[in-house]
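A quick write-up on the structure given underneath.
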Amino acid sequence: MQHVFNFWQNIERRLCSAKRILLLLDFDGTLIPIAKRPEEAKLPSEMEGILKFLARKKRFEVAIISGRSLSDLKQKIKIRNIIYVGNHGLEMERKGKKFIYPQASKSIPTMKELKKILKARLSSIKGTIVEDKIVGIAVHYRTVKNSDVPELKRRVRQIFRPFMEKKEIKIGHGKKMLEARPPIMWDKGKVASMLVDSFKRDKPLSFYLGDDKTDEDAFSALDGKGITVFVGKPGKSKANFFLKNVGEVGIFLKRLSAF
Ligand SMILES: [Mg+2]
C-alpha cells in the first residue's frame, strides 16, 4: 500500500483531465479524530472550511458516508450542497430530498425493543453508551473499563442472538462498537458504488476515504472504479493508498481544492 502523496503526480494528471470529481468521505476517524463519546465529535472549523469550499465548486461532488444516523450527521456537519449518507447507506439526503432504504424502516420496531433490553441489561456496566440510530442500535464501549469489555460483549451477543436467529437483525462491528442493523444486503460499498454509477455519464474521478472495517466494503466495491484511501497505519486494508491520519486528510483535501 502506497502513501497518496508518493503517487501525487499521477493523481494530479487525472485531476486535471477529469470532468467531475466525486469525493466520498467517511466521517469519524476520517474527517475528525475519533471522540471518546460519539456525541462529543465536532468538525474542526478548518476542515469545515475546506469541505464548504469543495462543495461549492462545480466540478466537485462531495458525499459524506457515515455509520451515524442521518439526523445526527446533519447536526454535526451543516454544509449545503453535499450528499449525506447515514446508517451505512440506509438513509440518504440528496438535494434536500430524504431517502430511506425501503426495507430498513421495517426494522424500526425491532430496534426499539432491542434498545429497551440493552439499556436494562447493560446499565450496570459503567461507561456503556447505547445509541439509538432509529434504523439501527449501537453499543459503544470506548469509555468502558478494559476489564469489563469481555462481559459487555458477552451480554450484547446474548441479547442479539435470538434476533439474529429470527433474521431480524445482523451484527456490525466498528471501532470499540457493536451494533444491530437491519438484515439487509446493503452497506457502504453498495451505496458508494451506486453514487459513482449515478455520475457515470460524466466519467467522474472518484475517491473514497475511510478508516474503519465498514469502509472495507467500499474499498472492495470501488476496486477499478475509483481511488480508495485508507486513513491510518497501513495494514491489511483493501484500499489502494493510505493517509496517516485526519491531519493528512486535511492536507489532501486542501490539495484537491486547487483543481
Ligand atoms: Mg470512520
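The values are calculated or read from the model by the stated rules, or taken from the named source; none is laboratory data. If you're wondering where the values come from, they're calculated on a predicted model, not measured in any experiment. Virtual Cβ from ideal backbone geometry, glycine too; neighbours counted across all protein chains shown. Surface areas here come from the heavy atoms of the whole protein model, side chains and all, with no ligands, DNA or RNA. Shrake-Rupley method; radii C 1.70, N 1.55, O 1.52, S 1.80 Å.
Tabulated results
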read-out: Tally, over the range 208-244, of residues that are of a type in the set (Asp, Glu) and away from the ligand (no atom under 15 Å from the Cβ); value: 1
read-out: Condition check for Ile82: within 25 Å of Leu24 (Cα to Cα), β-branched (Val, Ile, Thr) and within 24 Å of the chain's Cα centre (by Cα); value: yes
read-out: Where a residue in the range 69-88 is touching a residue at least 40 places away in the same chain (Cβ under 8 Å) and its partner, wherever it lies, is surrounded by fewer than 16 Cβ atoms within 10 Å (Cβ to Cβ) and in a strand (DSSP E or B), with Cβ under 6 Å and at least six apart; value: Ile83/Arg94
read-out: Residue in the range 251-259 that is touching a strand residue (DSSP E or B) at 6+ places or on another chain (Cβ under 6 Å), more than 16 Å from the ligand (Cβ to nearest atom) and not charged (D, E, K, R) present; value: no
read-out: Any pair with Cβ under 7 angstrom, 6 or more apart, that starts in the range 225-238 at a residue that is more than 12 Å from Asp212 (Cβ to Cβ) and ends at one that is among the acidic types (Asp, Glu); value: Lys238/Glu216
read-out: Options Ile79, Ile125, Ile129; residue that is among the hydrophobic types (A, V, I, L, M, F, W, C), surrounded by 14 or more Cβ atoms within 10 Å (Cβ to Cβ) and closer than 21 Å to Phe207 by Cα; value: Ile79
read-out: Any hit, the range 142-164, residues being more than 16 Å from the ligand (Cβ to nearest atom) and touching a residue at least 60 places away in the same chain (Cβ under 8 Å); value: yes
read-out: Residue count, the range 14-25 (criterion: open to solvent by 70 Å² or more (accessible area, probe 1.4 Å) and either closer than 11 Å to Phe259 by Cβ or of a type in the set (A, V, I, L, M, F, W, C) (or both)); value: 3
